[in-house]
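> I'd like to ask you about the structure that follows.
The values are calculated or read from the model by the stated rules, or taken from the named source; none is laboratory data. Remember, it's a predicted structure, so these values are computed and weren't measured experimentally. Neighbour counts run over all protein chains shown; Cβ positions are idealised from the backbone, glycine included.
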Amino acid sequence: MTITLYHHPFSRAAGTVWMLEEVGQPYELKFVDILAGEQKQPEFLALNPMGKLPTLVDGDTVVTEAAAIGLYLADRYALGRLAPPLDDPRRGTYLRWSFFAPSVVEPGLMAKLEGWKYREGAAGWGAYDAMLSAIKSSLRGDYLLGDQFSMADIILGGTIRYMLMVKLLESDPVFEAYAERLSARPALQRADARNAEIAQQRGLKT
């Protein structure tokens, strides 16, 4: 049964295409015109009441939230290749950094950009500088699990790569080298090409 990803190339669903390309299972993209508000229509809200992308349907299973989709796909279709097995000691590290992007990086960066006032001890994402130091500490090897690429690199690494591209994250040699390693992956190149092709077909411009 084909996996269906509800998709727009200028949404977080663009990164999910990379996940699917790495997993290697057949999938189809269902375009959602987010500029016209299709994600807020009853048919879509029945799948995802938040009215957000990405939303993935795999048979009778509906998965939302980009990190959750990545973990689901890796466990179901690439266990041992993109996800450490349940009894692998690296499983904890894998989960740790997979959740770091949506739980720490995104809110931490938003807080800095918007000038939010908050007590660091009361916010789950903590201090911005501590966040950067934590990410650097995780990149002692080529990837988050050392020499093995995993779905955690798509989730966290994809976030870092995007934020560097749009200048939301200060350039840093560690981050830049990591992003270059990720950009060399054929699956990411295929995903970027597919997202660009859809944007061109739909007449979408950044």
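> Quick check: is even one residue across segment 50-72 crowded, with 19+ Cβ neighbours inside 10 Å and among the polar types (S, T, N, Q)?
For segment 50-72, residues crowded, with 19+ Cβ neighbours inside 10 Å and among the polar types (S, T, N, Q): present.
> Would you be able to tell me the number of residues in segment 167-193 that are in a helix (DSSP H, G or I) and among the polar types (S, T, N, Q)?
2
> Further, regarding this structure: Could you tell me whether segment 9-23 includes any residue that is β-branched (Val, Ile, Thr) and surrounded by fewer than 16 Cβ atoms within 10 Å (Cβ to Cβ)?
No: segment 9-23 contains no residue that is β-branched (Val, Ile, Thr) and surrounded by fewer than 16 Cβ atoms within 10 Å (Cβ to Cβ).
> Contact list please: Cβ distance under 6 Å, first residue in segment 119-141 and among the hydrophobic types (A, V, I, L, M, F, W, C), second residue part of a loop (DSSP other than H, G, I, E, B), pairs at least six apart or on different chains.
Ala127/Glu120
> Going through segment 1-41 one residue at a time, which ones are among the acidic types (Asp, Glu) and in contact with an Asp or Glu (Cβ under 9 Å, 6 or more places away or on another chain)?
none
> Here's a follow-up. Residues of segment 171-201 being without any contact (Cβ under 8 Å) to a residue 12 or more places away in the chain and either touching a strand residue (DSSP E or B) at 6+ places or on another chain (Cβ under 6 Å) or over 10 Å from Trp18 (Cα atoms) (or both), which ones?
Selection gives Ser171, Pro173, Ala177, Glu180, Ala184, Ala193, Glu197, Gln200, Gln201.
> Right, here's the next one. Could you please find all residues in segment 50-68 being part of a helix (DSSP H, G or I) and in contact (Cβ under 8 Å) with a residue 12 or more places away in the chain?
Ala66, Ala67, listed by residue number.
> Continuing with the same structure: Among the listed residues Ala46, Ala13, identify the single one that is closer than 21 Å to Leu188 by Cβ and among the small types (Gly, Ala, Ser).
Ala13
> Still on this structure: Return the total of residues in segment 142-172 being more than 20 Å from Gln189 (Cα to Cα), surrounded by fewer than 18 Cβ atoms within 10 Å (Cβ to Cβ) and modelled with pLDDT under 95.
5
> To continue, here is another question. Of all residues in segment 73-101, which are under 28 Å from Met1 (Cα atoms), over 17 Å from the mean Cα position of the chain (by Cα) and part of a loop (DSSP other than H, G, I, E, B)?
The answer is Gly80, Arg81, Pro84, Pro85, Leu86.
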